[in-house]
Structures are given as C-alpha cells and as structure tokens.
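The values are calculated or read from the model by the stated rules, or taken from the named source; none is laboratory data. These figures come from a predicted structure and were not determined experimentally. Cβ placement follows ideal geometry from the backbone for every residue including glycine, while neighbour counts extend to all protein chains displayed. Side chains are part of the model used for accessible areas, which takes the heavy atoms of the whole protein and leaves out ligands, DNA and RNA. Shrake-Rupley method; radii C 1.70, N 1.55, O 1.52, S 1.80 Å.
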Amino acid sequence: MTQYDYDLFVIGAGSGGVRAARMAKQHGAARVAVAEEYRVGGTCVIRGCVPKKLLVYASEFAKTFKLAESYGWSVGETSFSWERLIAAKDAEIDRLSGIYSRNLNNSGVEVIEERAEFEDAHTIRLVKSGRTVTADKILIAVGGTPYVPELEGAELGISSNEAFHLESLPRHVVIAGGGYIACEFAQIFAGMGAEVCQVYRGDTVLRGFDDDVRSHVHEELVRSGVRVITHTVFEKIEALPDGRKRVHLDNGNHIDTDVVMYAIGRSPHVDGLGLDKAGVALDPNGAIKVNAYSKTTADNIYAVGDVTNRVNLTPVAIREGAAFAATVFGDTPTAYDHEDIASAVFTQPPVGSVGLSEVDARKKIAQVDVYKTSFRPMKSSLTSDASRMLMKLVVDGETQRVLGVHIVGPDAPEMIQLAGIAVKAGLTKDQYDAACAVHPTSAEELVTMKEKWTPPELKAAE
C-alpha cells in the first residue's frame, strides 16, 4: 500500500479550504495539512467581503449624520480619518485571521505558511522551503485574483486588493467596471467625500441581475454623486508630472485622477500551480474543470470555490468544501446544489437577490407573473432623502411558485436571507400572501403585493 505524508493536502486557506480541512479531520482523516501563501482566511476575510463591508459601514455615516437632523438631532462638526479607519480595519482582520488559524490548529490540521505547487498528481513542492510532500487526496481552494487589463500604463492602476491599503483617502477616483465590486467601491469612496467616476462598457451596471435592480442601482449611484460613464472603456493610462494619472477613454475623452482602480472581474488563481503536471484540466475560461462532486480531471484531486468559477460566493465555497469532505472522507457522496442561491450587493442602498430574474424566467417559463413596487422607505419620510426602495417578485404564472425575489433598499441583504429560504423551498405566491405582514416594515411589502405588473410592450399588444 502506497504511503503518503498526508491523507489530505489543501492548497489555499480561504473559507472553502479551511472548512474542508476541518471537516475532513472530523470525518476521520488522520493527517491533514493546509498551505497558504499569503494569510489564513482567504480573500473574503483578508481583502474581500469582510473588510469591504467595514468600509461600507464607515462610508454611510456622513449621510446618517445629515438625516439625523430631520429627526431632531443637532449634529456638531464632524471629521473623517481614513488612517484611523484602516488601522481599525487591519486590527479586526488580524483578529479574524487568528481565529481561522486557531480553529485549524485546534482541529489538528497542520498549517503551512508557504506557496504550494504541483510536481505530479500526488506530490506538492513548497516553494519557500523547497521541500516536497506527498498526499493521497489534494484539494485546490486557491480562489480568484483581480483581473488587470492589458493596456498601456496598466501598472499605474490598483485593484480591490490594494484599495484596502491606500495610505490616504484620494480626492478623486476613477473606477473601471460595472459589477458589484465596482459599484460598492464607487459609493464607499463617494460616501467618504471623494469625487468618483465609474467607467463601464455596458449601458447599465450590475450585468446578470434583474433589469429593474440594475436600473434602480444605476439611478442611486448617480443620486449619491457618482459620475457614471457608460459605453466606453480605458484606452491607456498616463502618469502626470504632479503624481496624478490621466485616464484616456476610447470615446476620445480623458479624466485626470488621483487613483485608478480596476474592478472588471476576477480570474481563477491558477497561474504557476503546475496543474498540467498533475493532469488537472481547465475550462475555456481558465477555471478548473470539476464534476458535481468537485472532482477534477485527476482522480485524486478536487477543487472548490472561486477557482472553479461556478458560483463565486464565500458561503458557496464553504458548502462545496463541506460537501467535498463528506464525499471523500465521510463516505457520503454529496453534490452541492447551486440553484437559488441568495446574494447581496452592498451598494447604498444595498441589493438582495435570489432566484430567476424576470428576463431569465421569461426564457424558461411559458407564463410569468411579476409583482413589484417602488416606494420611499419610512425612515426617509421626515427627510429630504429621495432614495427609493424596490421590491419585485417573479412568479410562475401556472404553478404560482415564486421563482425570484429582488430587493433594493435598506436592509435588503437581511431580508433576502429569509426570502432565499422560501424560494429554495418552492413556496407559492398564495403562501406568501397567506403570511401576516409585520407592520410597519418595508419587508411587509413582500406579502402584500397583489396587483400583477405588465410590461408596456405586452400592454400595447393587448
């Protein structure tokens, strides 16, 4: 019988890899190790959703101070320190990373703080020390990395990774992209007082979301002071004598700015891993090919999380890691179901979405009923804030099953977690209607919408 150094070797100590390693130990794997080239915790904890949401919280206070006056509060002189915020954020990230490390150690998992690369399907080389180890099963959980465009002067820009470590708050920022990272950072910087310009090749931000959500967020970006330029991309970036950058656009215009940020997508972090030596194949988009059980084209090697480019969300990576451990070490084959996964975008106001968009539903379902409403949240009723809330239900017209729920407004991410349960369970519009409303709340609209909405083009046809 072939002897290996480890029963399981995990490459990458992000959320998916850590969960898989700990559960593999619980299922009886004797020798488990995790190698991490940067910091334990992965993108989400170190330079992703956790620090980003802390910055979102910070950026909301300027508006909150202003609105408080409408409720009788006299707010004195305020000031903001980027340096204090970043120091506090770093301390919290250090704390969370330490928890991840302790949890691994307490589970009996060996943590190796080195980059790991394949020598063959069972052999891993640790780059810093130069030593090699062998493993029976190997899990790749290295996540993704920000995509940087190939254009002249690209090195003058930063990605979301570096945005968390800027020495000072820039006066002016230009952000490339229209996805959730671009929109979130646009309002983070704007909320802290920076002048922000967002450049996007499409016509409306948040491609892939429901069209009503996209339009609503686009309007709120503009309302919050973000200058959104559509139907154009960066052509080149030029360094100016005063240290600023000049962004040349393909529409012939240019923008001078302090910071240029790329938020145009993320790529699987596979460069240099030696996957070809291990017999691990990639799909046309550069992601690791896996089957329903996260197995790659190499029989003993698996992959979970963003590196597989299935659904790139931290909770999904965690579920995939748990399913892998149950399948390989728990003798319980488990394929994680990627349908109807709720997600949030922490714009201001934020987005909560689960299930099918209206457009996707009409492609799949013969009859689609839509219920939607837009209103000023009660919290804004005493203020001059013109922001509105959007709620939308996409329903199968024949079975009445609720196929999608889409919300833009205060507390949307909190609401969508619970709405996600209902969508996953296949509840019907009648069952929504049977639920008693909680009043006064915004969420009560989800169970009180009665009138179907008809698109103007269908009304015309009638």
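Scanning segment 54-82 for residues that are farther than 25 Å from ALA163 by Cα and touching a Phe, Trp or Tyr at 6+ places or on another chain (Cβ under 6 Å) yields one hit, VAL75. Selection within segment 257-275: residues that are more than 30 Å from ALA62 (Cβ to Cβ) and part of a strand (DSSP E or B). The member of this set that is least open to solvent (accessible area, probe 1.4 Å) is PRO268.
The single condition from (1) closer than 26 Å to ALA342 by Cα; (2) in contact (Cβ under 8 Å) with a residue 60 or more places away in the chain; (3) buried (at least 18 other Cβ atoms within 10 Å of the Cβ) that ASP211 fails is (3). Checked against the criterion of being closer than 15 Å to GLY16 by Cα and in contact with a Cys (Cβ under 6 Å, 6 or more places away or on another chain), segment 288-303 has no qualifying residue.
Condition check ((1) touching a residue at least 12 places away in the same chain (Cβ under 8 Å); (2) assigned by the TED database to the domain that holds ALA24; (3) open to solvent by 70 Å² or more (accessible area, probe 1.4 Å)) across all residues:
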residue	(1), (2), (3)
ASN251	yes, no, yes
ILE255	yes, no, no
LYS277	yes, yes, yes
ALA281	yes, yes, no
GLY286	yes, yes, no
VAL290	yes, yes, no
TYR293	yes, yes, yes
ALA303	yes, yes, no
THR314	yes, yes, no
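Within the option set LYS392, LYS424, LYS379, being assigned by the TED database to the domain that holds PHE346, in contact with a strand residue (DSSP E or B) (Cβ under 6 Å, 6 or more places away or on another chain), basic (Lys, Arg) and touching a residue at least 24 places away in the same chain (Cβ under 8 Å) holds for one residue only, LYS392. For segment 45-56, check the following and say yes or no: at least one residue is open to solvent by 50 Å² or more (accessible area, probe 1.4 Å) and not in a helix (DSSP H, G or I). No - not one qualifying residue is present in segment 45-56. For the residues ILE407, ILE416, the requirement of being surrounded by 13 or more Cβ atoms within 10 Å (Cβ to Cβ) and either in a helix (DSSP H, G or I) or of a type in the set (Phe, Trp, Tyr) (or both) singles out ILE416. The set of residues in segment 337-392 being open to solvent by less than 30 Å² (accessible area, probe 1.4 Å), at pLDDT 95 or above and of a type in the set (D, E, K, R) consists of GLU358, ASP369, LYS392. Could you list all residues from segment 234-243 that are in contact (Cβ under 8 Å) with a residue 60 or more places away in the chain and either aromatic (Phe, Trp, Tyr) or open to solvent by less than 60 Å² (accessible area, probe 1.4 Å) (or both)? If the condition is that a residue be in contact (Cβ under 8 Å) with a residue 60 or more places away in the chain and either aromatic (Phe, Trp, Tyr) or open to solvent by less than 60 Å² (accessible area, probe 1.4 Å) (or both), then PHE234, ILE237 are the ones that fit. Against the test of being farther than 30 Å from ALA21 by Cα and either in the same structural domain as LEU166 (by the TED database) or among the polar types (S, T, N, Q) (or both), the options SER79, SER101, SER97 yield a single qualifying residue, SER79. Might you let me know whether segment 104-125 holds any residue that is surrounded by 13 or more Cβ atoms within 10 Å (Cβ to Cβ) and part of a helix (DSSP H, G or I)? So far as segment 104-125 goes, yes, one or more of its residues are surrounded by 13 or more Cβ atoms within 10 Å (Cβ to Cβ) and part of a helix (DSSP H, G or I). Among the residues making up segment 347-382, those that are touching a His at 6+ places or on another chain (Cβ under 9 Å) and under 20 Å from PRO410 (Cβ atoms) are PRO349, VAL351, GLY352, SER353, VAL354, LYS372, SER374.
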